[in-house]
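Each value in this text was obtained by applying a stated rule to the coordinates, not by laboratory testing. All values derive from a computational prediction rather than experimental measurement. Backbone-built Cβ (ideal geometry, glycine too); neighbour counts: all protein chains shown.
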Amino acid sequence: MAEPLSVLTSRFDMAEGHTLEGYVATGGYASLDVAFGQAPTDLVQQVKDAGLRGRGGAGFPTGVKWGFTPRDSGKPVYLAVNADEGEPGTFKDRELMERDPHQLLEGIVVACYMLESRRAFIFLRGEYVWPGMRLEQAIAEAYEHGYLGKDIAGSGVDVDVTLHYAAGAYICGEETAMLDALEGRRGQPRLRPPFPAVAGLYGMPTQVNNVETIMNVGHIVQHGIDWYRSMGTDKSPGPKVFCVSGEVARPGNYEWPMGTPAREIVDRSCGGMLAGRELKFWAPGGSSTPLLTADHADTPMDFDSIAAAGSLLGTAAMMMYSDHTSVVEAVLNWTRFYEHESCGKCTPCREGFFWLSQVYERLLDGRGRPADLALLDEQGDNILGRAFCALGDGGVSPITSSLTHFRDEYEHLVAHGRLPDGLEAHAGVVTDNSGHSRPDQLVGSP
């Protein structure tokens with residue numbers, strides 16, 4: 001049986017863990033001396049051998065990704081840290097930055113040294129005011145005490161960090177849209193190739209990494225490959241912060257080894273589901289990952305096991321829903337989100353989610369038609385793999401998976417014009433005293 005970890009979250013209970021004094025007193029910045037005594041390329045190989053995979057969603061091997069950066073181009077290399085965190089259900093980076101901002105800065109310095117980069121940017125979600133204040137304080141402290149700037153710790157290494165507040169758009173979580181926003185343009189995905197590692201920010205070689213990914217780097221350098229691989233699975237090693245939300249007794253961020261079964265995280269860290277409720281469906285990696293059912297609750301939470309179960313680990317944002325909740329309503333809520341957050345660049349996404357929302361509203365309005373389920377399948381097929389970026393694929397994932405696992409609930413809506421007995425309406429659906437939807441009074445119905 002796995003045990004909870006305290007690696008990335010080791011300072012969460014410290015009142016002064018966010019300050020430089022508290023950070024250094026608990027071993028902070030110790031990885032700098034270890035890193036600066038080795039060649040950058042050797043350190044990148046360590047990250048490869050440690051098996052660190054990106055924590056922002058895709059799970060691509062970080063060391064391999066860093067190996068794509070040219071070192072002899074004569075151009076400056078940039079590190080862009082994606083702290084936009086717009087994925088519904090995801091809030092790990094926010095708390096990590098609030099409670100331990102220096103851990104991010106230490107990882108940035110070590111990563112920049114590995115990449116032979118002198119400049120890093122933190123692209124922070126605009127709504128994250130408090131994490132931004134903590135980061136501003138930490139950056140100022142790090143500059144004042146020589147952990148940022150020129151000749152860090154007498155090593156001859158120079159690293160400057162710029163904190164950039166985003167204007168607020170889900171699409172800017174996509175790395176090339178984020179780079180456009182950093183350059184002052186409207187955030188929209190770029191055509192690839194070229195990839196950011198070759199031509200990214202201002203046309204220069206750029207590595208884009210998630211906050212949690214960068215926070216792992218210093219630990220790997222300081223404690224070694226064997227220590228890191230002692231946690232997690234062979235293909236998904238290391239610690240992981242899981243965001244658990246929804247109908248659980250204690251939602252929050254919990255650190256466990258990669259590969260810990262979902263049920264164990266929910267039962268031991270969250271106190272299980274709410275009293276009187278049973279797990280019905282859940283998203284293992286945020287709203288853009290295919291839904292799983294209660295039968296998948298013992299699936300190990302690692303990239304390969306979740307993929308084998310038919311979904312994606314994503315950001316490991318576990319959104320848990322009970323037998324009191326309508327999956328159709330939940331999916332409508334997410335579909336409205338993707339409709340709103342589409343950047344409008346491509347037709348499948350811009351038009352598709354608008355029409356998908358209309359079909360869902362019609363179903364929940366009690367005016368659903370038998371042909372609507374086939375229409376949802378067809379609309380999903382017209383978006384999946386045809387949108388300009390991954391937003392389209394992510395937006396249809398809960399739709400297609402819910403139709404696969406819970407088609408009977410959709411069919412009940414079509415046949416009876418209301419939700420099945422025992423389901424609570426949440427997504428703007430007006431109910432009568434029996435809990436059934438009143439299709440003549442649906443809020444926002446067309």
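Which FRET efficiency value, to the nearest 0.05, is calculated for W227 and H416 with the Förster distance at 51 angstrom and r the Cβ-Cβ distance?
Once the sixth-power term is evaluated, E becomes 0.35.
For the chain, what does the relative contact order come out to in percent, with C-alpha contacts under 8 Å and a separation of six or more?
Reported relative contact order: 15 percent.
Between A39 and H340, what FRET efficiency follows from the Cβ-Cβ distance if R0 is 51 Å, with the result rounded to 0.05?
For R0 = 51 Å, the calculated efficiency reads 0.60.
Of K65/K240; K75/K240; K48/K240; K75/K235, which sit over 23 Å apart, Cα to Cα?
Long pairs (Cα-Cα over 23 Å): K75/K240; K75/K235.
Distance in nm between label sites at R71 and A390, each 7 Å beyond Cα in the beta-carbon direction?
In this crude spin-label approximation the distance works out to 2.7 nm.
Would you work out the relative contact order for segment 122-224, in percent, from Cα pairs under 8 angstrom that are 6 or more residues apart?
For segment 122-224, the relative contact order is 18 percent.
Please identify, among R119, R268, R386, the residue showing maximal mean-square fluctuation in a Gaussian network model of the chain using a 10 angstrom Cα cutoff.
Taking springs between Cα atoms under 10 Å, the residue moving most is R268.
I'd like to know which of F36, F60, V47 lies farthest towards the positive end of the charge dipole of segment 20-229, counting +1 on Cβ of Lys and Arg and -1 on Cβ of Asp and Glu.
Result: F60, furthest along the dipole toward the positive end.
At 7 Å along Cα-to-Cβ for each site, give me the label-to-label distance between A308 and H145 in nm.
Here the modelled spin labels are 4.5 nm apart.
Quote the relative contact order of segment 20-229 in percent (integer), defining contacts as alpha-carbon pairs under 8 Å separated by 6+ residues.
Taking the mean separation of contacting Cα pairs over the length of segment 20-229, I get 31 percent.
According to a simple spin-label model (label point 7 Å from Cα along Cα-to-Cβ), what is the distance in nm between L191 and R250?
Here the answer is 5.3 nm between the modelled labels.
Can you work out the PRE-style zone for F354? Point 7 Å along Cα to Cβ, and I want the residues of segment 385-405 with backbone N under 11 Å.
none
Given the options L364, L124, V208, identify the residue whose Cα lies farthest towards the positive end of the charge dipole of the chain (+1 on Cβ of Lys, Arg; -1 on Cβ of Asp, Glu).
So the residue we want is V208.
Per residue of the chain, what 222 nm ellipticity follows from adding -39500 (n - 2.57) for every DSSP H run with n ≥ 4, rounded to the nearest 500?
Calculated at 222 nm, the ellipticity per residue is -12000 deg cm²/dmol.
What do you get for trypsin sites (Lys or Arg not before Pro) in segment 44-89 restricted to DSSP loop and a cutoff of at most 15 other Cβ within 10 Å of the site's Cβ?
Answer by residue number: R71.
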